[in-house]
Amino acid sequence: FGEMFNKGCIYKGMKPVYWCPTCVTALAEAEIEYAEDPCTSIYVKFRVSDDKGKLDGICDKSKTYFIIWTTTTWTLPGNQAIALNPDEDYAIISVGGEYYITAVALAEKSMKAGGVDSYDIIAVMKGKDFEYMTAEHPFLDRLSLIANADYVTMESGTGCVHTAGGFGADDFVTSRRYGIDVVVPVNDHGYQTEDAGKFAGLKYSASNDAILEDLKNTGALFASENMVHQYPHCWRCNNPIIFRAT
């Protein structure tokens, strides 16, 4: 070990792990039990900031939004990127003066979730065409980088994956690959930190409702749906756990 240390092979770094904010400890996969939990899934609008000139002549970028989908509203303060599948087709959808970007395969489902009956797909581009564009975070003074990732599937959501490196293994790898300094805006006890802006000090579970209400008030919420999903719980205290980089 000493030789490896002297050669610079040993370092202290971050890694996303299962974390129980009740027991205040990391958990191994064998210590996780799954149970059905109700949640609110949300579709959120991230307005295009820098389109790298690729949307010129197609749409008004000041009214164009990537739509992400997530079942963990409390992780939005950790968003630093949006991942698209480089080889999938993505639609630019015109709806009442605004433009939305989702995967073509998930466009109909996404529009239905938002109560949109009539829309036009005005252009189709590959996910790789959007790489390195940026979008505005809906409630923080921060830009989200548009990244490419092969793990983005067309099975659910919008094809535009909310990426928070501090809260997920795939997200963490993608963030590191694009040189993003990972933010972890939830502390050991499960409370939002100063990195969460106006939601600092809230327990992560309580911040779900607060963030949802804020998204509604600012017009950043495209849709929301109540659902039940399988969610990991701590085997000791039987409370829900979180994913968190430590």
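The values are calculated or read from the model by the stated rules, or taken from the named source; none is laboratory data. Predicted model, so just to flag it, every value in this text is computed and none were measured. Using ideal geometry, Cβ is built from the backbone for each residue, glycine included, and neighbour counts are taken over all protein chains shown. Accessible surface is based on the protein model in full, side chains and every heavy atom, while ligands, DNA and RNA are left aside. Shrake-Rupley method; radii C 1.70, N 1.55, O 1.52, S 1.80 Å.
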Quick note, the range 164-246: a/c under 1.5 would make it rounded; otherwise a/b > b/c is prolate and the rest oblate (a ≥ b ≥ c, C-alpha gyration tensor); here it is rounded
Loop sites in the range 10-102: chymotrypsin sites (Phe, Trp or Tyr not before Pro), DSSP, at most 14 other Cβ within 10 Å: Y11
In terms of modelled amide H atoms, which long-range or inter-chain residues lie less than 5 Å from the amide H of M133? I146
Take the solvent-accessible surface of the protein heavy atoms, probe 1.4 Å, and return the percent of it on the range 71-141 that carbon and sulfur atoms account for. 40
Using alpha carbon centers only, the range 1-70 is separated from the range 197-244 by a whole-angstrom value of 14
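Return the calculated 222 nm mean residue ellipticity for the chain, to the nearest 500 deg cm²/dmol, obtained by summing -39500 (n - 2.57) across DSSP H runs with n ≥ 4 and dividing by the residue count.
Numbers: 4 runs with 39 residues, N = 246.
So the calculated ellipticity at 222 nm is -4500 deg cm²/dmol.
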Please compute the per residue accessible area over the chain with all protein chains in place, 1.4 Å probe, rounded to a whole number of Å². 48
Once phi is turned into θ = phi - 60°, what whole-Hz ³J(HN,Hα) does the Karplus curve with 6.51, -1.76 and 1.60 give for every residue of the range 185-192, x standing for Gly and Pro? x, 10, 8, 4, 8, x, 9, 5
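Sorted by accessible area (1.4 Å probe), largest first, how do I58, I180, I92 line up?
Numbers: I58 60, I180 30, I92 0 Å².
Descending accessible area places them as I58, I180, I92.
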Compute, for the chain, the length of the dipole vector about the Cα centre, with Cβ point charges of +1 (Lys, Arg) and -1 (Asp, Glu) only. Units Debye, rounded to 20. 500
Would you list, by chain and number, the lysines whose Cα falls below 30 Å from the Cα of K15, excluding same-chain residues fewer than 8 positions away? K7, K45, K128, K198, K203
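Where a ≥ b ≥ c are the square roots of the eigenvalues of the C-alpha gyration tensor, would you call the range 70-190 rounded, which needs a/c under 1.5, or, failing that, prolate if a/b is larger than b/c, or oblate? Don't skip to the end; give the middle numbers.
Numbers: a/c = 1.97, a/b = 1.59, b/c = 1.24.
It comes out prolate by the Cα gyration axes.
In the range 164-246, which trypsin sites (Lys or Arg not before Pro) fall in coil by DSSP and have 13 or fewer other Cβ atoms within 10 Å?
Numbers: sites: R176, R177, K198, K203, K216, R236, R244; in loops: R236.
Passing both the DSSP loop test and the Cβ count: R236.
Would the range 32-120 count as rounded, prolate or oblate if I go by the C-alpha gyration tensor, calling it rounded below 1.5 in a/c and otherwise prolate when a/b exceeds b/c, oblate otherwise?
Details: a/c = 2.07, a/b = 1.60, b/c = 1.30.
The shape class here is prolate.
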